[in-house]
Amino acid sequence: MNRLTFILIAAAIATGSQAQNTGPSYAQYLTAQALAHHPEVLAVTMHVTPPGSATNVIIASNIAPLGKAADQDDLRVIQSQQTLVEVTHAGDRLAVELPLLDASRRTVGALAVQLAYQPGADRNALTASATKVRDELARRISHVANLIEPASYDARVPMNSYGQQLVDELMAAHPEIQILALHANVPKTTDNVIVASNIGRFGKKGDEDDLRLIRTEQPNLEINSEGNRFEAELVLRDVSGTNIGAVGVVFGYQPGDDKIKLQRRAEQVQAALGRRITNSGNLFEPVPYVANPPSAPVAQRLVDATLAKHPELLILALHVQPPATSDFVIIASNIGRIGKKADDDDMGVIRTEKSLLEVNEAGNRFEVEVVLRDQAGKNIGAVSLVFAYQPGTDREVLRRAGERIRDEIRDQIPSLNALFQPA
């Protein structure tokens, strides 16, 4: 029976995937992520009853065989909703088993977490660590079937992308959001897929509702069949307001909740995303953009504050040579690409101190790239400032605006090294 259940799990994974998928289940992916993000955790095991099965089995683990049936302790945790804490037989690990929850805090199984243990160790602190892991996982699970799905539906869609970084940042900033997913076309194709989400499904093709929204730009607003979630799916736009896909935002819902208010919250998320995306391909770019990218918290805070002060700015990026390195790179921007090496145009501005002024190929943006200085007037790099543009717009006005903003930034930079200090 156990082996049959394991075969059914494997079949469910294979059925849900596209031809490119050869990776693990989403549950196994989440397990690996939990272990990677929590070095204090030695083992993670998920006990779940797969859809269509009557048997609760291990669907993901780094120490136990998949498909093994749950024992009485596992089932008791699920049924009683009580945490089980015990020292393993070897005495060197504390095993904490908790109810496994989804984004709506519904029980979907049991989660066993093992941590290093020594006699006299604070069990409450270790149990709190395991609970934190469980709660982080809950924020990334839509429902039981979600765990059985493949983590990746399309190898062309990276799991660690700039789009995923945006999703993670917004989820952290908005605990009221239960699900957030971005749909965009795979670069150089018409294949619309999930490029980023907090519930996996990377590369899963958009359904008819998603595609209709993108075509008509009419929001999809609905309550789920259980009546406990409200989804607002809206057009996803880039910094120029161009339609590049869809964004789905899901909130918890109770009868009587103000749907208009929830829609407005989703629109705020839509607007925040629109300030951080230069084009649809930007979402698919890797994170990190390069190995060992520089960390410049003060520089990023300066970029964020400048954009907040100047809503007319579409894009702002600082090109600087980090200390003890040989290349000028992007150290802060509102469109990611941290660590991207300066191109010939950037270097020309830095070397000659002559401004670069140009209209993009689409004819809707005007870039002002000028030399970046510190408070003492020392040349420390270049700053790119991009404005909205239409034929006939006065370019000289935009140039002067860019230089004024550059000077505001200069006055907040005591030195090159100050940009890399903790914020």
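The values are calculated or read from the model by the stated rules, or taken from the named source; none is laboratory data. This one's a predicted model, so the numbers in the text were calculated from it and none came from an experiment. Heads up, the Cβs are rebuilt from the backbone with ideal geometry, glycines too, and the neighbour counts pull from every protein chain shown.
Given the criteria more than 25 Å from Pro158 (Cβ to Cβ), at pLDDT 95 or above, of a type in the set (A, V, I, L, M) and not in a helix (DSSP H, G or I), does Ala43 qualify?
Working: more than 25 Å from Pro158 (Cβ to Cβ): yes; at pLDDT 95 or above: yes; of a type in the set (A, V, I, L, M): yes; not in a helix (DSSP H, G or I): yes.
Considered against the rule, which asks whether it is more than 25 Å from Pro158 (Cβ to Cβ), at pLDDT 95 or above, of a type in the set (A, V, I, L, M) and not in a helix (DSSP H, G or I), Ala43 comes out as yes.
Could you count how many residues in segment 174-204 are under 18 Å from Ile277 (Cα atoms), out of contact with any helix residue (DSSP H, G or I) (no Cβ under 8 Å at 6 or more places or on another chain) and surrounded by fewer than 24 Cβ atoms within 10 Å (Cβ to Cβ)?
1
Which residue, of Ile141, Ile214, is in contact (Cβ under 8 Å) with a residue 24 or more places away in the chain and assigned by TED's automatic domain parsing to the domain that holds Ala110?
On the way: Ile214 fails: assigned by TED's automatic domain parsing to the domain that holds Ala110.
Answer to the check: Ile141.
Does at least one position in segment 302-309 carry a residue that is assigned to a loop (DSSP other than H, G, I, E, B), assigned by TED's automatic domain parsing to the domain that holds Ser415, out of contact with any Asp or Glu (no Cβ under 7 Å at 6 or more places or on another chain) and touching a residue at least 60 places away in the same chain (Cβ under 8 Å)?
Scanning segment 302-309 turns up no residue that is assigned to a loop (DSSP other than H, G, I, E, B), assigned by TED's automatic domain parsing to the domain that holds Ser415, out of contact with any Asp or Glu (no Cβ under 7 Å at 6 or more places or on another chain) and touching a residue at least 60 places away in the same chain (Cβ under 8 Å).
How many residues does segment 183-199 contain that are assigned to a loop (DSSP other than H, G, I, E, B) and over 21 Å from Ala173 (Cβ atoms)?
6
Among the residues of segment 388-397, is any under 24 Å from Asp344 (Cα atoms), surrounded by 12 or more Cβ atoms within 10 Å (Cβ to Cβ), more than 33 Å from the chain's Cα centre (by Cα) and of a type in the set (S, T, N, Q)?
Scanning segment 388-397, I find no residue that is under 24 Å from Asp344 (Cα atoms), surrounded by 12 or more Cβ atoms within 10 Å (Cβ to Cβ), more than 33 Å from the chain's Cα centre (by Cα) and of a type in the set (S, T, N, Q), so the answer is no.
Tell me whether segment 260-280 contains one or more residues that are without any contact (Cβ under 8 Å) to a residue 60 or more places away in the chain, surrounded by fewer than 22 Cβ atoms within 10 Å (Cβ to Cβ) and more than 29 Å from Thr216 (Cβ to Cβ).
no
Considering only residues that are of a type in the set (S, T, N, Q) and either outside any loop (DSSP other than H, G, I, E, B) or closer than 22 Å to Leu357 by Cα (or both), which ones fall in segment 368-422?
Asn379, Ser384, Gln390, Thr393, Asn417
From the list Gln254, Gln178, Gln263, Gln270, which one is part of a strand (DSSP E or B), out of contact with any His (no Cβ under 9 Å at 6 or more places or on another chain) and polar (S, T, N, Q)?
One residue alone meets the criteria, Gln178.
Would you confirm, using the coordinates I've provided, whether Ala362 is more than 19 Å from the chain's Cα centre (by Cα) and part of a strand (DSSP E or B)? Show your work before the answer.
Working: more than 19 Å from the chain's Cα centre (by Cα): yes; part of a strand (DSSP E or B): no.
The answer is no for Ala362.
Among the residues in segment 140-149, are any in a helix (DSSP H, G or I) and over 27 Å from Glu231 (Cα atoms)? Give the derivation first.
Just the residues of segment 140-149 that are in a helix (DSSP H, G or I), to begin with: 144-148.
If we keep only those that are over 27 Å from Glu231 (Cα atoms) as well, we get none.
The answer is no, given that none of the residues of segment 140-149 is in a helix (DSSP H, G or I) and over 27 Å from Glu231 (Cα atoms).
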